[in-house]
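Here's the structure, in structure tokens; my notes come after.
The values are calculated or read from the model by the stated rules, or taken from the named source; none is laboratory data. As the structure is a prediction and not an experimental result, all values here were calculated from the model. FYI the Cβ positions are ideal-geometry reconstructions off the backbone, even for glycines, and counts take in every protein chain you see. Side chains are part of the model used for accessible areas, which takes the heavy atoms of the whole protein and leaves out ligands, DNA and RNA. Shrake-Rupley method; radii C 1.70, N 1.55, O 1.52, S 1.80 Å.
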Amino acid sequence: MVIKKSDDIRSREITDKKVYLSRRNFLRGAALAATTVATGLVYRQLLAPQVELANPTGRVAPGAQPAPKQWGLPGEEATSYQDITHYNNFYEFGTDKYSPARRAQSLITRPWTVSVEGLVNKPKVFDLDELTRLFPQEDRVYRFRCVEAWSMVIPWLGFPLGELLKLAEPQGSAKYVAFETANDPKKKIPALSEYEAGLDWPYVEGLRLDEAMHPLTLLATGIYGEPLLPQNGAPIRLVVPWKYGFKNIKSVVRITLAERMPPTSWNRANSEEYGFFSNVNPEVPHPRWSQATERRIGEYTRRTTLPFNGYAEQVAHLYDGMDLKYYF
Ligand code: MTE
């Protein structure tokens, strides 16, 4: 894990993203020429629109080479911006990986409010700009592991959810935190019937209060220093790096503190396959596939999946005394 506060990042650490992206594209081209590739990869290489990022430094002296920013993790390169923004799960906009990048562009992300309510002393509806003013935005590079056994390394921008919850002052009876995605036709989130996703809307998720307060748990507002794109859950989404990707609810509008464990979308759809906790656990297979290894997007061999997605040292104690095969 890499955690950096935005004011710790020196300009010499910032990569020119065009350089970075063109290197990735070259490497992909070379690998493509040498390998037989799956249909999804062909799509990403040949058909998916290429994304140009603005130079985040803005000013580089003529002729000067900006030094690389540490977007990756030790020994693990960050996934390309292209892949992070074009290989998505956002079922409100379709059930395949490629539609959200196109269809979610209709999502209206301003103005946007997030309500913090339930068992708190200071409930409040926050405007998005107020949230980003109140809480300094940090770059954090995390592993991201989908329950479908693919993974990425994502440089998020965001702030700890715990800071927002502290401001709201949770009451003693609060044990859980429930999250809700926008479900407002005015925001152009399409209706269930349009894409037959098999989920009830709005998409909902939940954490135990101690998980929500953990310093690794983020509300993300950006990726690679750029504001979140709609397909990634703009303008604000949850990131819990030691849990399967579906816990990372997108486009959040409501956060409710509660005494009882809240319902969660995938658990409601199929409780045999998707538990409330959903901690990354290579020892507990999904009923239909193994979770022992994963396909890192942009790589050509599988990686071993790490307990708690590599964050065991920071979070395993939260589950002391629990049988994680039962509480999956
Ligand atoms: N949030 C909402 N509202 N709707 C969704 O369909 N999909 C989840 C999660 N959050 C989803 C969601 C799943 S299954 C995954 S793997 C991640 O978002 C994918 O995030 P990404 O597209 O940014 O990689």
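Worth pointing out:
- Meets criteria (within 17 Å of the chain's Cα centre (by Cα), surrounded by fewer than 22 Cβ atoms within 10 Å (Cβ to Cβ) and of a type outside the set (Phe, Trp, Tyr)) for GLU273: no
- The number of residues in segment 109-123 that are under 25 Å from the mean Cα position of the chain (by Cα) and either surrounded by fewer than 19 Cβ atoms within 10 Å (Cβ to Cβ) or in a loop (DSSP other than H, G, I, E, B) (or both) comes to 7.
- Flag for THR221 being in contact with a strand residue (DSSP E or B) (Cβ under 7 Å, 6 or more places away or on another chain) and away from the ligand (no atom under 14 Å from the Cβ): no
- Among the residues listed as LYS186, LYS166, the single one being open to solvent by 20 Å² or more (accessible area, probe 1.4 Å), closer than 23 Å to SER106 by Cα, more than 9 Å from the ligand (Cβ to nearest atom) and not in a loop (DSSP other than H, G, I, E, B): LYS186
- Among the residues of segment 169-183, those identified as crowded, with 17+ Cβ neighbours inside 10 Å and either assigned to a loop (DSSP other than H, G, I, E, B) or at positive phi (or both) are ALA174, ALA182, ASN183.
- Residues in segment 99-108 that are surrounded by fewer than 18 Cβ atoms within 10 Å (Cβ to Cβ) and over 15 Å from ALA197 (Cβ atoms): ARG102, GLN105, SER106, ILE108.
- Test: residue in segment 275-286 that is of a type in the set (Val, Ile, Thr) and under 23 Å from TYR326 (Cα atoms): yes
- Residues located in segment 84-97, provided they are open to solvent by less than 10 Å² (accessible area, probe 1.4 Å) and within 9 Å of the ligand (Cβ to nearest atom): ILE84, THR85, ASN88, PHE90, GLU92, PHE93
- Per the listing GLU211, GLU259, GLU226, the residue uniquely away from the ligand (no atom under 11 Å from the Cβ), closer than 20 Å to ILE84 by Cα and touching a residue at least 40 places away in the same chain (Cβ under 8 Å) is GLU226.
- Enumeration of residues in segment 225-270 that are buried (at least 24 other Cβ atoms within 10 Å of the Cβ) and either at positive phi or at pLDDT below 95 (or both): GLY233, SER251
- Qualifying residue in segment 221-228 (condition: under 19 Å from LYS97 (Cα atoms), in contact with a helix residue (DSSP H, G or I) (Cβ under 9 Å, 6 or more places away or on another chain) and in a strand (DSSP E or B)): yes
- ASP129 being under 26 Å from PRO100 (Cβ atoms), away from the ligand (no atom under 16 Å from the Cβ) and assigned to a strand (DSSP E or B): no
- Taken over segment 145-163, the criterion of being in a strand (DSSP E or B), within 17 Å of VAL252 (Cβ to Cβ) and open to solvent by 10 Å² or more (accessible area, probe 1.4 Å) is satisfied by LEU157, PRO160.
- Filter result for MET322 (open to solvent by 30 Å² or more (accessible area, probe 1.4 Å) and either touching a Leu at 6+ places or on another chain (Cβ under 9 Å) or in contact (Cβ under 8 Å) with a residue 24 or more places away in the chain (or both)): no
- Residues that are open to solvent by 50 Å² or more (accessible area, probe 1.4 Å) and in contact (Cβ under 8 Å) with a residue 24 or more places away in the chain within segment 294-305 comprise ARG295, TYR300, ARG303, listed in sequence order.
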